Amino acid sequence: MLIDGNKLPTIKNYNLKYIIKGDQKISSISAASIIAKVSRDKFITKLSEEFTQYGWDTNSGYGTKEHLKAIKKFGITKYHRKTFSPICDLL
C-alpha cells in the first residue's frame, strides 16, 4: 500500500510504503487524492445544509475567521476535527 506523505499508519498485515509528494509522482495516489477531495467536498456540502451556522457552504470546511467565531458561539459538532488546534484549545 502506497501512502502519500512521510508517515505510515499502523495497519497490521499490510506492506506499507510512504512516498513524499506521492500525489505528484504516482498516478494511483493522484487518482485517490482526487476521489477523496470530491468525496470530502460532497460531504461538506451535506453538512452545510444541516449545520448552516458554520458557513461550510462558503468555507469548504476550513477554519476561516467566521467559522472559528461560529465554533466559539455554537460549539463543535461530531464532525469537527478534534486535532485542529483551535478546537483543541476549546476542549
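Every number here is computed from the coordinates shown, using simple stated rules; none is lab data. Please read all numbers here as calculations on a predicted model, not as lab measurements. Ideal geometry is used to build each Cβ from the backbone, glycine not excepted, and the neighbour counts take in all protein chains shown.
Details
- Option label - Cα Rg over 2.2 N^0.38 Å computed here, alternatives (i) 1.34; (ii) 1.24; (iii) 1.12: (i)
- Lys7 paired with Gln53, simple spin-label distance in nm, labels 7 Å along Cα-to-beta-carbon: 3.2
- The chain: relative contact order as a whole-number percent, Cα under 8 Å and 6+ apart: 14
- Against the chain, whose longest principal axis comes from its Cα atoms, helix 27-50 is set at around 20 degrees.
- Here is how the number arises for the chain: DSSP H runs of 4 or more residues each give -39500 (n - 2.57), the sum is divided by the residue count, and the result at 222 nm is -15500 deg cm²/dmol.
- Residues whose placed amide H lies under 5 Å from that of Ile3, excluding near-sequence neighbours: Lys17, Tyr18, Ile19
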